[in-house]
Amino acid sequence: MERVKVAEYAAMFWKGGDLIWDDYLHHRQFALTAESESILRWFSLWRELSSIGEPGQLHRAIADRLLDEKVLIREGSAEHYEETRLLNEWGAWGAGTRYHHFASRTDESVTYLDPASDHVAFADKAKIEPPPVPVKTFPQRPITVTVPDIRDLSHWSRPGLVDALFARRSVRRYSTAPLPLDILGTLVDIAAGPIDVIENEETGSVVRKTSPSAGARSPLELYAHVNRVHGLQPAVYHYASARGGLERIRPPARPATLRRAVGDQPWLAQAPVLLIYTAVLERSRWRFESRRAYRDILLEAGHVSQTVLLTATAMGLGSVTATALCDAVIEQILGVDPISEPVLAVTALGYPG
Ligand SMILES: Cc1cc2nc3c(=O)[nH]c(=O)nc-3n(C[C@H](O)[C@H](O)[C@H](O)COP(=O)(O)O)c2cc1C
């Protein structure tokens with residue numbers, strides 16, 4: 001008794017006359033033949049493998065091939081287990097949200113241009129296709145209000161924020177000086193630590209932080225790949241917000257691995273600290289069935305990373321948030337499961353060099 005069915009970790013679409021099977025979970029795409037398509041329909045629900053024919057017969061041979069390619073999966077197999085986890089973790093957010101997320105997850109096949117080649121490529125492109133104007137305006141409309149000088153802070157109760165806002169710039173050159181331990185600790189605590197906790201017997205504890213979070217679910221986690229911090233062994237640390245400290249969880253990545261992880265951007269790989277943001281999907285999924293909740297998670301990475309950048313600026317540190325990354329390598333460095341805790345972004349930290 002061997003039951004098989006079509007895997008649910010893929011999407012299909014037509015392209016150039018071919019029906020494409022896009023296995024977004026394993027980043028594999030191929031065209032399906034008409035025979036394969038009819039066999040997939042047959043196995044749209046669990047059926048005995050033998051129901052398609054005996055070994056050696058044509059349809060059975062195609063089904064065996066589709067099993068080898070993980071298009072069909074066997075009940076109880078590793079692929080079945082993986083599919084079950086995927087469907088559970090992404091729940092009501094559905095196939096469209098899963099597809100969008102995993103289709104944009106980067107694996108080792110992704111390459112990025114180095115800054116010099118990137119500049120040349122875009123300068124060439126701009127000659128053929130000028131870039132769009134970077135601002136929107138309604139030129140037929142008069143300016144109703146001319147904004148006042150926003151640097152007049154005399155009436156502000158907390159003007160220091162504005163100073164940090166205008167001083168923040170992406171920094172891509174760091175000195176070799178290590179970061180003081182208390183600076184790193186204070187920074188992660190401000191960015192991701194609890195301000196207070198509201199206990200609710202019915203819906204559980206709600207942790208409030210410096211950044212807003214949809215439904216106060218706080219799905220984000222913060223990790224630090226430490227290269228150079230006074231008094232801290234180079235390693236991967238996790239910020240345990242409930243325990244108020246950094247947990248050493250893994251050895252540091254080899255330099256070449258870290259460089260691949262950050263899309264060959266040496267200023268990220270060589271910075272004293274690389275903060276890494278992930279999201280524990282379960283926290284948001286428990287509260288929200290709406291697919292928009294996935295977009296909220298991405299927004300929250302923006303909130304928390306901006307808090308890190310502004311805090312770093314206020315501390316006199318340089319920082320840059322980056323997303324031209326290789327997700328698959330970062331997942332390995334952290335030891336996180338991409339199905340349940342995807343990587344969102346990183347922020348490099350150090351004294352400007
Ligand atoms: C979502 C996002 C992704 C980014 N990715 C990268 C990156 O991979 N590498 C990098 O060096 N900078 C990255 N940056 C920084 C931008 O290049 C930078 O913010 C922009 O050039 C404007 O400069 P400023 O930050 O000094 O205002 C990213 C910024 C954002 C918001």
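The values are calculated or read from the model by the stated rules, or taken from the named source; none is laboratory data. Treat the numbers as computed from the prediction; the structure is a model and nothing was measured. Glycine also receives a Cβ, built like all others from the backbone with ideal geometry; neighbour counts cover every protein chain displayed.
Figures for the structure shown
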| read-out | value |
| --- | --- |
| Close pairs from the range 149-168: first assigned by TED's automatic domain parsing to the domain that holds residue 313 and closer than 17 Å to residue 210 by Cβ, partner hydroxyl-bearing (Ser, Thr, Tyr) and at pLDDT 90 or above, Cβ under 7 Å, at least 6 apart | 164/313; 168/313 |
| Subset of the range 242-278 [of a type in the set (A, V, I, L, M), part of a strand (DSSP E or B) and either within 15 Å of the ligand (Cβ to nearest atom) or touching a Phe, Trp or Tyr at 6+ places or on another chain (Cβ under 9 Å) (or both)] | 246, 249, 274, 275, 276 |
| Selected residue (only one of 347, 278, 307 is of a type in the set (S, T, N, Q), modelled with pLDDT of 95 or more, crowded, with 21+ Cβ neighbours inside 10 Å and closer than 20 Å to residue 215 by Cα) | 278 |
| Residue satisfying all of: in the range 338-353; part of a strand (DSSP E or B) and not hydroxyl-bearing (Ser, Thr, Tyr); farthest from residue 83 (Cα to Cα) among these | 352 |
| Filter result for residue 295 (surrounded by 15 or more Cβ atoms within 10 Å (Cβ to Cβ) and charged (D, E, K, R)) | no |
| Positions within the range 138-182 being within 16 Å of the ligand (Cβ to nearest atom) and of a type in the set (Lys, Arg), in sequence order | 168, 169, 172, 173 |
| Residues of the range 212-235 classified as part of a loop (DSSP other than H, G, I, E, B), in contact (Cβ under 8 Å) with a residue 24 or more places away in the chain and closer than 21 Å to residue 258 by Cα, total | 3 |
| Selected residue (criterion: surrounded by the fewest Cβ atoms within 10 Å (Cβ to Cβ)) from residues of the range 71-90 that are of a type in the set (A, V, I, L, M) and under 22 Å from residue 38 (Cα atoms) | 71 |
| Residue in the range 81-96 that is over 26 Å from the mean Cα position of the chain (by Cα) and either outside any loop (DSSP other than H, G, I, E, B) or without any contact (Cβ under 8 Å) to a residue 12 or more places away in the chain (or both) present | no |
| Those residues of the range 292-337 which are within 11 Å of the ligand (Cβ to nearest atom) and either over 24 Å from residue 112 (Cα atoms) or part of a helix (DSSP H, G or I) (or both), in sequence order | 298, 301, 302, 305, 306, 309, 313 |
